[in-house]
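A short worksheet on the structure shown next.
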Ligand code: TMP
């Protein structure tokens, strides 16, 4: 019998919502329960494209806005063969940001619409679930100071949040909103429950194509 595929689990949300902490905790919990799982994060700053993105985010270089949007998308596409291989081998992938961050961030810039921003990511492996860690910009600001990177301002993050709220209305994607204002442990429990259900339901289903 063919091996059951892993699930593609994506974590999204504004900065300070706790995505990275929760991704790590989820991978640990899945591994401890004997389920193969790995974490991936976007942007993947280790590749050649990722290094261009990283320099841009650190404000060491400037890039034209459409160009950087396409680079973020290319950075996802370059990982697709590896992602598909791992999923087919039965490894669940827990992904810290995906195409939804791509769209929510670029469309917060003047002159960009959601529709244009979605186009380069059409056809990417479709997540079996996207958990949106919902945290109001006011609560995010209380958690700690924003860093020095590009986009880390409360005005920009509010615009990003509004774009996420638009994206969540798309019924073609399995969105699950999570109240990220709860304690780390409560959020983790919530996320684990959804993830285990998703792993069970998606293992016999074919991997879909995003926004197609
Ligand atoms: P990080 O802080 O999770 O490493 O993300 C880096 C920044 O890049 C963050 O501000 C969100 C932004 N971003 C985009 O603008 N487009 C994208 O496609 C992705 C994945 C992230």
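The values are calculated or read from the model by the stated rules, or taken from the named source; none is laboratory data. These figures come from a predicted structure and were not determined experimentally. As a convention, Cβ positions derive from the backbone with ideal geometry for all residues, glycine included, and neighbour counts pool all protein chains shown.
Write out, first by first residue and then by second, each pair whose Cβ atoms fall under 6 Å of each other, whose residues are 6+ apart or on separate chains, and whose first residue, in the stretch 30-46, is more than 21 Å from residue 105 (Cβ to Cβ) while the second is part of a loop (DSSP other than H, G, I, E, B) and within 16 Å of the ligand (Cβ to nearest atom).
none
What are the pairs with Cβ atoms under 7 angstrom where one residue, in the stretch 67-90, is without any contact (Cβ under 8 Å) to a residue 40 or more places away in the chain and the other, located anywhere, is away from the ligand (no atom under 12 Å from the Cβ)? Sequence gap at least six, or different chains.
Filtered contacts from the stretch 67-90: 71/52; 75/47; 78/47.
Kindly indicate whether residue 176 is under 16 Å from the mean Cα position of the chain (by Cα), closer than 20 Å to residue 125 by Cα and surrounded by 14 or more Cβ atoms within 10 Å (Cβ to Cβ).
So residue 176 passes the test.
Sort through 110, 127 and tell me the only one that's out of contact with any helix residue (DSSP H, G or I) (no Cβ under 6 Å at 6 or more places or on another chain), at pLDDT 95 or above and surrounded by fewer than 19 Cβ atoms within 10 Å (Cβ to Cβ).
Every option except 110 fails the conditions.
Give the residue, chosen from 156, 100, that is assigned to a helix (DSSP H, G or I), within 14 Å of the ligand (Cβ to nearest atom) and at pLDDT 95 or above.
Numbers: 156 fails: at pLDDT 95 or above.
Matching residue, one of 156, 100: 100.
Can you tell me which residues in the stretch 103-138 are within 14 Å of residue 161 (Cβ to Cβ), more than 13 Å from the ligand (Cβ to nearest atom) and under 16 Å from the mean Cα position of the chain (by Cα)?
Answer for the stretch 103-138, where residues must be within 14 Å of residue 161 (Cβ to Cβ), more than 13 Å from the ligand (Cβ to nearest atom) and under 16 Å from the mean Cα position of the chain (by Cα): 132, 134, 135.
One line per residue, one yes/no per condition, for (1) under 30 Å from residue 4 (Cβ atoms); (2) modelled with pLDDT of 95 or more; (3) in contact with a strand residue (DSSP E or B) (Cβ under 9 Å, 6 or more places away or on another chain); (4) assigned to a helix (DSSP H, G or I):
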residue: 162; (1), (2), (3), (4): no, yes, no, yes
residue: 170; (1), (2), (3), (4): yes, yes, no, no
residue: 176; (1), (2), (3), (4): yes, yes, yes, no
residue: 193; (1), (2), (3), (4): yes, yes, no, yes
residue: 198; (1), (2), (3), (4): yes, yes, yes, yes
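With respect to residue 142, is the statement that it is surrounded by fewer than 21 Cβ atoms within 10 Å (Cβ to Cβ), on the phi < 0 side of the Ramachandran plot, at pLDDT 95 or above and part of a helix (DSSP H, G or I) true?
no
Hey, residue 24 hits all of (1) free of Cβ contacts under 8 Å to residues at least 40 places away in the same chain; (2) within 15 Å of the chain's Cα centre (by Cα); (3) surrounded by 15 or more Cβ atoms within 10 Å (Cβ to Cβ) but one; which does it fall short on?
With (1) free of Cβ contacts under 8 Å to residues at least 40 places away in the same chain; (2) within 15 Å of the chain's Cα centre (by Cα); (3) surrounded by 15 or more Cβ atoms within 10 Å (Cβ to Cβ) applied to residue 24, the lone miss is (3).
Please give the helices (runs of 4 or more DSSP H) falling wholly within the stretch 8-78 in which 2 or more residues are under 27 Å from residue 195 (Cα atoms) and either more than 14 Å from the ligand (Cβ to nearest atom) or touching a helix residue (DSSP H, G or I) at 6+ places or on another chain (Cβ under 8 Å) (or both).
Details: elements: 19-32, 48-57, 65-77.
Ranges flagged: 19-32, 65-77.
If residue 170 satisfies every condition in (1) more than 15 Å from the ligand (Cβ to nearest atom); (2) surrounded by fewer than 13 Cβ atoms within 10 Å (Cβ to Cβ); (3) more than 20 Å from residue 23 (Cα to Cα) but one, which is the exception?
(2)
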